[in-house]
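The values are calculated or read from the model by the stated rules, or taken from the named source; none is laboratory data. The shown structure was predicted, so the numbers you read here are calculated from the model rather than taken from an experiment. Cβ placement follows ideal geometry from the backbone for every residue including glycine, while neighbour counts extend to all protein chains displayed. The protein model used for the area step is the full one, side chains on, heavy atoms only, and it has no ligands, DNA or RNA in it. Shrake-Rupley method; radii C 1.70, N 1.55, O 1.52, S 1.80 Å.
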Amino acid sequence: MEPTLPLQILADGNINNIIHHDVYQCILSFLIACFLSIISIPVIINLSNLLHLTAKPGFRSSHKTETPTLGGIAIFAASLIAYFLWPHSENILESNIINLSMTGIVILFFLGLKDDILAVDPTKKLIIQIFASLILVAMGNFKVDNFYGIFGVHAVSDFVSIPLTVFIFIALINAINLIDGIDGLAGGISLIASLGFGIWFILNDHFSFACLAFALSGSLLGFLRFNFSRTSKIFMGDTGSLIVGYLLSIFAVEFLSLNVGYLHDPTAYFNAPIIVMVLLIVPIFDTLRVFIVRIVKGGSPFVADRNHMHHILIDSGLNHFWASFTLWMVTILNTTLFFVFHGDITNTASMYIYIGMFVVYMVVAYYMKKRAISRNRKKSWLKILLSKAKIFLLLKRLLETYDFDLVLKLRHAINMLVIFMAFY
């Protein structure tokens, strides 16, 4: 069946069906979450600086100064406060699922908080993430149990659906964490995805999930105002990326569960899995690519490096905003093109197209990385040549007239040249 698109709903004059108090509550949740995030982050920044809870620049980092990493506290608090302002009792099943998910959110919040402050062993982090996911999957019967005909597979048993759903949670949680490497990327991609899910939930009368999605979107928008700031910068840290990834996983699984009746429901999407993968194309493609590259090079897929697409864009000369903006537009453009051209393409055919897009992405990323390396080598050698020229000029002046200040400058220039030669 052909699904009803948001623009079709508006064109058919059904806008009055979606404008009622629940929609107002979702919009207010968005605005309140944004406001709470904006007013709380300066306090968190001051406390982080006072207690020295900051991230120091490293070889992978794209920042040059110590920066607070506890922005996730504001995202967590603003999202939940804005969501729980309203009663959510119209759909008991949905309310129960979200209430149960709060257990996992709180667990991941404290896990991320501890990791941002003290660092947690990766194995322990993985175990706790699995436990938080299983709480919702096992106790809430919250799982993906239909493949929508991809490769001819439809309904699957619990032996497949439960591990698959836990894998989706773990994969998305860590994918959001992995793209949180430059200003605005993880927050912007998550904002786009949560708004996309939230709009669909509103149009299909699932207001509990819509309210939570809009609350998350509002808190992320408020966070981005400081994430891009030069004077009051803050990162979301693991505190933020873990709960944001967890919430996006909940929205994705719920979206798949609600559309599973596409054979009988004209408003359901028969290609719901493809929509999820397109909406989250940036974290999915980036995570798959860096894991493949690390394995091909003979290393561990879990050892950090500078092979992410956002690192490649930064090394190619883009600043943080334009690198993030480029990947935001990749998400928006791919999602728009999918809705425009998907037609009656089967999910299996769509999956082959998706895999083909990933292969193209791998090739493009390979040549961009190669070009970035070449560009940075030229810049490094240019610095060395400039250092050599500086030394020769100082020597010339020193021979013309002995000056103690010139001797000190010459010594500094020689030291800088030795450092450059050591690295390059």
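Okay, here's what the table says:
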{"item": "Within-10-Å neighbourhood charge of Gly112 [Cβ basis; K, R +1; D, E -1]", "result": "-1"}
{"item": "Rounded FRET efficiency, nearest 0.05, which uses the C-beta distance separating Asp158 from Lys233 and R0 of 41 Å", "result": "0.35"}
{"item": "Relative contact order (percent, whole number), region 157-300, Cα cutoff 8 Å, 6+ residue spacing", "result": "30"}
{"item": "Projected area, mean over directions - region 84-148, Cα convex hull, nm²", "result": "6.4"}
{"item": "Nonlocal amide H pairs with Phe147, under 5 Å, H built at 1.01 Å", "result": "His154, Ala155, Val156"}
{"item": "Where labels lie 7 Å past Cα in the beta-carbon direction, separation of Ala304 and Lys370 in nm", "result": "2.9"}
{"item": "Region 29-187 - accessible surface per residue (Å², probe 1.4 Å)", "result": "49"}
{"item": "Local net charge near Phe228, Cβ-Cβ under 15 Å (Lys/Arg +1, Asp/Glu -1)", "result": "+1"}
{"item": "Burial ranking of peptide ranges 181-188, 111-118, 301-308 (average Cβ count within 10 Å, highest at the top)", "result": "181-188, 111-118, 301-308"}
{"item": "Translational diffusion coefficient (Stokes-Einstein; Kirkwood radius from C-alpha pairs) of region 139-254 at 37 °C, 0.692 mPa s, in µm²/s", "result": "214"}
{"item": "Radius 14 Å from Cβ of His52, net charge of other residues (Lys, Arg +1; Asp, Glu -1)", "result": "-1"}
{"item": "Surface share of carbon and sulfur [accessible, 1.4 angstrom probe, percent] for region 167-319", "result": "67"}
{"item": "Karplus 3J(HN,Hα) series, Hz, for region 340-352 with 6.51 cos²θ - 1.76 cosθ + 1.60 (x for Gly, Pro)", "result": "6, 10, 5, x, 9, 5, 5, 5, 5, 5, 4, 5, 5"}
